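Before any comments, here is the structure.
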Protein chains: 2
Amino acid sequence: MSLESVLETVRTRVVPDESDVRAFEAAVEELTGRALAAISSLPVEADTKLVGSTARGTWLAGDRDIDLFVRFPPELDREKLERYGLEVGYAVLPDGHEEFAEHPYVKGEIRGFDVDCVPCYAVEDATEIRSAVDRTPFHTAYLEGRIDPLADDVRIAKAFLSAIGAYGSNLRTRGFSGYLTELLVLEYGGFRQLIEAAAEWNPPVRLDPEDHGERSFDDSLVVIDPTDPERNVAAVCSPRNVARVIHYARKLLESPRLELFEPRTLDPLSAADVRTLVEARGATPVAVRFETPDIVDDQLYPQLEKSLDGLEDALERAGFRPLRSTCFAREDAALLVECTVSKLPAVARHQGPPVGVKDHAEGFYETYRDDEEVTGPFIDDDGRYVVERARSDRTPAEFVRSSLFDVSLGPHIESALSEGNDVLAGEEITALADQFGAELAAYFDPVP
Amino acid sequence: MSLESVLETVRTRVVPDESDVRAFEAAVEELTGRALAAISSLPVEADTKLVGSTARGTWLAGDRDIDLFVRFPPELDREKLERYGLEVGYAVLPDGHEEFAEHPYVKGEIRGFDVDCVPCYAVEDATEIRSAVDRTPFHTAYLEGRIDPLADDVRIAKAFLSAIGAYGSNLRTRGFSGYLTELLVLEYGGFRQLIEAAAEWNPPVRLDPEDHGERSFDDSLVVIDPTDPERNVAAVCSPRNVARVIHYARKLLESPRLELFEPRTLDPLSAADVRTLVEARGATPVAVRFETPDIVDDQLYPQLEKSLDGLEDALERAGFRPLRSTCFAREDAALLVECTVSKLPAVARHQGPPVGVKDHAEGFYETYRDDEEVTGPFIDDDGRYVVERARSDRTPAEFVRSSLFDVSLGPHIESALSEGNDVLAGEEITALADQFGAELAAYFDPVP
């Protein structure tokens, strides 16, 4: 199949049809009307701004999200902004409910569309924003008049990124935001051109569409925000997601096919499947399962990752040599680390100072000289004192049970763990299949 | 017990009595007479020189070694030196036999003394020596007239170094030579002063009695040869032996006792003892046993050490994490490594290049993409390809069996191993107790 015909097929899938567009426009008209009516009864000036992919005409067929921003003067104090914002929000979405990002805002439904009605400050320049949401209207303004001819290419790019798991700037995915996708398509002049470029990327990759960036960034992908020279639009993208885009861009050029635009589906593993895999791999998995703390995903996943890193580092330092790890969250959450080492000796080498460093050396020697429990002190080939001490935790599970709270954990994870946790070792991790069969399927059969 | 009374007791043990001295003098007289008679019938000039501890009056009671050097003019070609040397040797020691150091020489017995009669060149200056033996007479000449008042202190120092296992510059011991011991006692002005200084040593330690050294050395202890500014007399001393001297010097000053002048004696371990210890330590020992190659100790031990290092490094790289190791040699020899890891998973992580490094990355990916045996390729957090491959050697013993000859081995050890070897793992090392019970006792109960 040629790349052209693949992309043409994808295009028909992702571009909304005429009736969708009309339904969207009608919803926007009604929303805006309601909002302006509510604004007119406020004691301050304000206007509305449609933002996001719907505003920019780059939404995917089937997307039903509308983001309506209500812009207040920068002089307005924050408390009033929030109050007026909610007032307008509930006027627009009478059946809506309050949610919280940087400010509280109202979320609700109108004509089958999911609407976020978000207050922000109407600052003059994106570099002067007072909170992250103030930035969004600048992005939309920048893309207006530029992105229109490439709207379908943006849709194709989003479908591609979604399928490979790299779309979304939330802190679980750490992928490509809609705005970043739009900038990349714009910068390279189309989806095909983006893919051809990405196939050659060798991170760190730096793009600066407006050629106004001054500072440097440590990130794998750097795209200087056209509306703010100080900001990397791709800051949240993980190196892994950037590498994925490179990998799948090459695969798409190499042999174009529709499957590259379709998310991978895997059958969940059963407990028996997990047992077979644990046995075949011959590693020593250890998992901690606990109740998922009630926090939003953008808090939860970074804390899970931090906790998993902490656990993995501690297992490494303790000598259990992690092989691979992952974390899951549904009703329960789990940190899972497969260890290379199943059981350590009863003794652990403990190296002291060089014998010649008198005070330290004598202190070390005196500590252990009469200790019946240790082997040594003796002197190693480099002239240092050494003892072999009893080791308390010989298996990964023993170690996790004794040292879990010495590990660097996310604060909400730490609280959740102290409410209660199960440490599962070896084949006991089959108990995870119940909730996490799909996640385990992906873990045991990883793809780029 | 005071240090004085300890040293006084040691002195009575190590100083030879009057009759020993007379017997020695008579033997030397006879030897020298015979040598000079033999020399007078040679077509070249030559003289004799008594060297070593007997020459310097620093030999220990019970020592029965005499080193008689025969010095030939430096113009003499090597072949003639060897021929004349053996001629004189056999004249002096008619029942002697030929041995080989740098030249062939004759070893034999006279009046109950073991005599080495060694030919050398009578060079003008120690820096002009043609072979290592030419240096020895300079050492003796330097000490003559200096060491006499300290001869007993030298004897005490030798007894101390012997007891702690640090006496002898052979390549098995890698300790302190007689000459080095004499220089140290001379430099510090006595045994007690040497011990007081050594207790404060913090290697690297550098001494230069004649203050003429110019170059630097990497060794733990550096004593510039008074007869050769280019040479470190302590070059062969291992950092461990230097540290031992420091350690036991402190112990001797802290609580003076005769035991510090008596070698440690240990009951050999039985097979049952070894089994108990292997179990208690919970490590995974692996040993290779083979027939000891027929080479001198100064060749054998460096080759054993090199082979042991090679084996330990290879086990480390393979993931078995050596805990401690040793080597033994009697009729058989053995390399023994205790490993921390008893069994590795069936899969091993194999990290590829960053996905962005196109040629390498594509090569890696293509190698494994259709390989049913591997997990992956997938992309890690840093954006590199990774696969998990099957691992062939999961235990230290499997690894040693399959990879012994990929290890960096001493050449004679390699030949001996290829004649035949046994790999012993876990409790199988009890089979070593038969020959190496004493060595295993020291290994499992190490002291400084």
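Across region A:273-291, what is the total count of residues that are loosely packed, with under 15 Cβ neighbours inside 10 Å and either modelled with pLDDT under 95 or more than 14 Å from every other protein chain (Cβ to nearest Cβ) (or both)?
Summing the residues that are loosely packed, with under 15 Cβ neighbours inside 10 Å and either modelled with pLDDT under 95 or more than 14 Å from every other protein chain (Cβ to nearest Cβ) (or both) in region A:273-291 gives 1.
Criterion first (touching a residue at least 60 places away in the same chain (Cβ under 8 Å), more than 7 Å from chain A (Cβ to nearest Cβ) and out of contact with any strand residue (DSSP E or B) (no Cβ under 7 Å at 6 or more places or on another chain)) does residue B:372 satisfy it? Steps first, answer last, please.
Values: touching a residue at least 60 places away in the same chain (Cβ under 8 Å): no; more than 7 Å from chain A (Cβ to nearest Cβ): yes; out of contact with any strand residue (DSSP E or B) (no Cβ under 7 Å at 6 or more places or on another chain): yes.
No.
What pairs come out if I take residues in region A:232-247 that are facing chain B (nearest Cβ under 7 Å) and pair them with residues that are β-branched (Val, Ile, Thr) and not in a loop (DSSP other than H, G, I, E, B) whose C-beta lies under 8 Å away, six or more apart or interchain?
The qualifying pairs are A:240/B:379; A:242/A:205; A:243/B:379; A:244/B:379; A:247/B:379.
From the list A:298, A:309, A:294, which residue is within 14 Å of another protein chain (Cβ to nearest Cβ) and either more than 21 Å from residue A:174 (Cα to Cα) or open to solvent by 60 Å² or more (accessible area, probe 1.4 Å) (or both)? Steps first, answer last, please.
Working: A:298 fails: within 14 Å of another protein chain (Cβ to nearest Cβ); A:294 fails: within 14 Å of another protein chain (Cβ to nearest Cβ).
Result: A:309 is the single residue among A:298, A:309, A:294 that is within 14 Å of another protein chain (Cβ to nearest Cβ) and either more than 21 Å from residue A:174 (Cα to Cα) or open to solvent by 60 Å² or more (accessible area, probe 1.4 Å) (or both).
Being touching an Asp or Glu at 6+ places or on another chain (Cβ under 8 Å), more than 30 Å from residue B:425 (Cα to Cα) and among the β-branched types (Val, Ile, Thr) is true for just one of B:242, B:205, B:233. Which residue is that? So that I can check it myself, show each step before the final result.
Working: B:242 fails: touching an Asp or Glu at 6+ places or on another chain (Cβ under 8 Å); B:205 fails: touching an Asp or Glu at 6+ places or on another chain (Cβ under 8 Å).
Selected residue: B:233, the only one of B:242, B:205, B:233 that is touching an Asp or Glu at 6+ places or on another chain (Cβ under 8 Å), more than 30 Å from residue B:425 (Cα to Cα) and among the β-branched types (Val, Ile, Thr).
So that you can scan it fast, the table gives a plain yes or no per residue for (1) open to solvent by 20 Å² or more (accessible area, probe 1.4 Å); (2) away from chain B (no Cβ under 14 Å):
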position	(1), (2)
A:250	no, no
A:253	yes, no
A:258	yes, yes
A:271	yes, yes
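Does at least one position in region A:400-420 carry a residue that is farther than 30 Å from residue B:370 by Cβ, basic (Lys, Arg) and surrounded by 16 or more Cβ atoms within 10 Å (Cβ to Cβ)? It would help to see each step written out before you state the result.
At the first step, the residues of region A:400-420 found to be farther than 30 Å from residue B:370 by Cβ are A:400-420.
Now narrow it down to the ones that are basic (Lys, Arg): A:401.
Remaining after also requiring surrounded by 16 or more Cβ atoms within 10 Å (Cβ to Cβ): none.
Within region A:400-420, not a single residue is farther than 30 Å from residue B:370 by Cβ, basic (Lys, Arg) and surrounded by 16 or more Cβ atoms within 10 Å (Cβ to Cβ).
Return the only residue of B:78, B:11, B:34 being within 21 Å of residue B:157 (Cβ to Cβ), out of contact with any strand residue (DSSP E or B) (no Cβ under 7 Å at 6 or more places or on another chain), modelled with pLDDT of 90 or more and not β-branched (Val, Ile, Thr). Quick ask: steps written out before the conclusion?
Numbers: B:78 fails: within 21 Å of residue B:157 (Cβ to Cβ); B:34 fails: within 21 Å of residue B:157 (Cβ to Cβ).
The match here is B:11.
For the structure I just gave you, tell me whether residue B:220 is over 24 Å from residue B:147 (Cβ atoms), out of contact with any Gly (no Cβ under 7 Å at 6 or more places or on another chain) and within 14 Å of chain A (Cβ to nearest Cβ). Working first, answer last.
Working: over 24 Å from residue B:147 (Cβ atoms): yes; out of contact with any Gly (no Cβ under 7 Å at 6 or more places or on another chain): no; within 14 Å of chain A (Cβ to nearest Cβ): yes.
Considered against the rule, which asks whether it is over 24 Å from residue B:147 (Cβ atoms), out of contact with any Gly (no Cβ under 7 Å at 6 or more places or on another chain) and within 14 Å of chain A (Cβ to nearest Cβ), residue B:220 comes out as no.
Within region B:61-171, which strands (runs of 3 or more DSSP E) (wholly inside it) include 1 or more residues that are among the small types (Gly, Ala, Ser) and either farther than 30 Å from residue B:250 by Cα or in contact with a Gly (Cβ under 7 Å, 6 or more places away or on another chain) (or both)? Steps first, answer last, please.
Numbers: elements: B:65-72, B:97-100, B:104-110, B:113-121.
Strands (runs of 3 or more DSSP E) meeting the threshold: B:104-110.
Taking only region A:327-344 into account, find how many residues are closer than 30 Å to residue A:389 by Cα, surrounded by 19 or more Cβ atoms within 10 Å (Cβ to Cβ) and within 14 Å of chain B (Cβ to nearest Cβ).
Of the residues in region A:327-344, 7 are closer than 30 Å to residue A:389 by Cα, surrounded by 19 or more Cβ atoms within 10 Å (Cβ to Cβ) and within 14 Å of chain B (Cβ to nearest Cβ).
Are any of the residues in region A:237-257 within 29 Å of residue A:176 (Cβ to Cβ), modelled with pLDDT under 95 and part of a helix (DSSP H, G or I)?
No - not one qualifying residue is present in region A:237-257.
Does region B:57-66 contain at least one residue that is free of Cβ contacts under 8 Å to residues at least 40 places away in the same chain and polar (S, T, N, Q)?
no
What is the residue count in region B:379-390 for residues that are out of contact with any helix residue (DSSP H, G or I) (no Cβ under 9 Å at 6 or more places or on another chain) and either surrounded by fewer than 21 Cβ atoms within 10 Å (Cβ to Cβ) or small (Gly, Ala, Ser) (or both)?
Step one: filter region B:379-390 for residues out of contact with any helix residue (DSSP H, G or I) (no Cβ under 9 Å at 6 or more places or on another chain), giving B:386, B:390.
Pick out the ones that are also either surrounded by fewer than 21 Cβ atoms within 10 Å (Cβ to Cβ) or small (Gly, Ala, Ser) (or both) and you get B:390.
Residues meeting the conditions: 1.
Return a yes/no flag: does region A:294-302 have any residue that is under 13 Å from residue A:444 (Cα atoms) and modelled with pLDDT of 95 or more. Quick ask: steps written out before the conclusion?
We begin by selecting, within region A:294-302, every residue under 13 Å from residue A:444 (Cα atoms); these are none.
Checked region A:294-302: no residue is under 13 Å from residue A:444 (Cα atoms) and modelled with pLDDT of 95 or more.
Of all residues in region B:313-326 being part of a helix (DSSP H, G or I) and open to solvent by less than 50 Å² (accessible area, probe 1.4 Å), which is nearest to the other protein chains (Cβ to nearest Cβ)?
Residues of region B:313-326 that are part of a helix (DSSP H, G or I), as a first pass: B:313-317.
Applying the additional criterion that residues be open to solvent by less than 50 Å² (accessible area, probe 1.4 Å) yields B:314-315.
Details: B:314: 17, B:315: 14 Å.
Ranking the qualifying residues of region B:313-326, first place goes to B:315.
Among the listed residues B:407, B:400, B:447, which satisfies the condition of being of a type in the set (A, V, I, L, M, F, W, C), facing chain A (nearest Cβ under 10 Å) and touching a residue at least 60 places away in the same chain (Cβ under 8 Å)? Walk me through it before giving the result.
Working: B:407 fails: facing chain A (nearest Cβ under 10 Å); B:400 fails: facing chain A (nearest Cβ under 10 Å).
One residue alone meets the criteria, B:447.
What residue, of A:105, A:142, is out of contact with any strand residue (DSSP E or B) (no Cβ under 6 Å at 6 or more places or on another chain) and of a type in the set (Ser, Thr, Tyr)? Walk me through how you get there before you give the answer.
On the way: A:105 fails: out of contact with any strand residue (DSSP E or B) (no Cβ under 6 Å at 6 or more places or on another chain).
Result of the check over A:105, A:142: A:142.
Inside region B:44-60, can you point out the residues that are on the phi > 0 side of the Ramachandran plot and in a helix (DSSP H, G or I)? Show your work before the answer.
Of the residues in region B:44-60, the ones on the phi > 0 side of the Ramachandran plot are B:52, B:57.
If the condition is that a residue be on the phi > 0 side of the Ramachandran plot and in a helix (DSSP H, G or I), then B:52 is the only one that fits.
Name the helices (runs of 4 or more DSSP H) wholly inside region A:327-444 in which the number of residues that are among the hydrophobic types (A, V, I, L, M, F, W, C) and modelled with pLDDT of 95 or more is 3 or more. Steps first, answer last, please.
Values: elements: A:358-368, A:396-403, A:411-419, A:433-444.
Counting at least 3 such residues, we get A:396-403, A:411-419, A:433-444.
With respect to residue A:228, is the statement that it is more than 14 Å from chain B (Cβ to nearest Cβ) and modelled with pLDDT under 95 true?
Details: more than 14 Å from chain B (Cβ to nearest Cβ): yes; modelled with pLDDT under 95: yes.
Judged against the criteria, residue A:228 is a match.
What about residue B:90, is it in contact with an Asp or Glu (Cβ under 9 Å, 6 or more places away or on another chain) and open to solvent by less than 20 Å² (accessible area, probe 1.4 Å)?
no
Only residues that are touching a residue at least 24 places away in the same chain (Cβ under 8 Å) and within 15 Å of residue B:155 (Cβ to Cβ): list them for region B:14-31, please.
Here is the first cut: in region B:14-31, the residues touching a residue at least 24 places away in the same chain (Cβ under 8 Å) are B:14-17, B:20, B:23-24, B:26-28, B:30-31.
B:14, B:15, B:16, B:17, B:20, B:24 - these are the residues of region B:14-31 that are touching a residue at least 24 places away in the same chain (Cβ under 8 Å) and within 15 Å of residue B:155 (Cβ to Cβ).
Output the residue which, of all residues in region B:144-160 that are open to solvent by less than 10 Å² (accessible area, probe 1.4 Å) and within 22 Å of the chain's Cα centre (by Cα), is nearest to residue B:256 (Cα to Cα).
B:160
The values are calculated or read from the model by the stated rules, or taken from the named source; none is laboratory data. Quick caveat, the model's predicted, so the values are computed rather than measured. Here Cβ is always computed from backbone atoms with ideal geometry, including for glycine, and neighbour counts include all displayed protein chains. Each accessible area value is taken on the protein alone, full model and side chains, heavy atoms only, with ligands, DNA and RNA left out. Shrake-Rupley method; radii C 1.70, N 1.55, O 1.52, S 1.80 Å.
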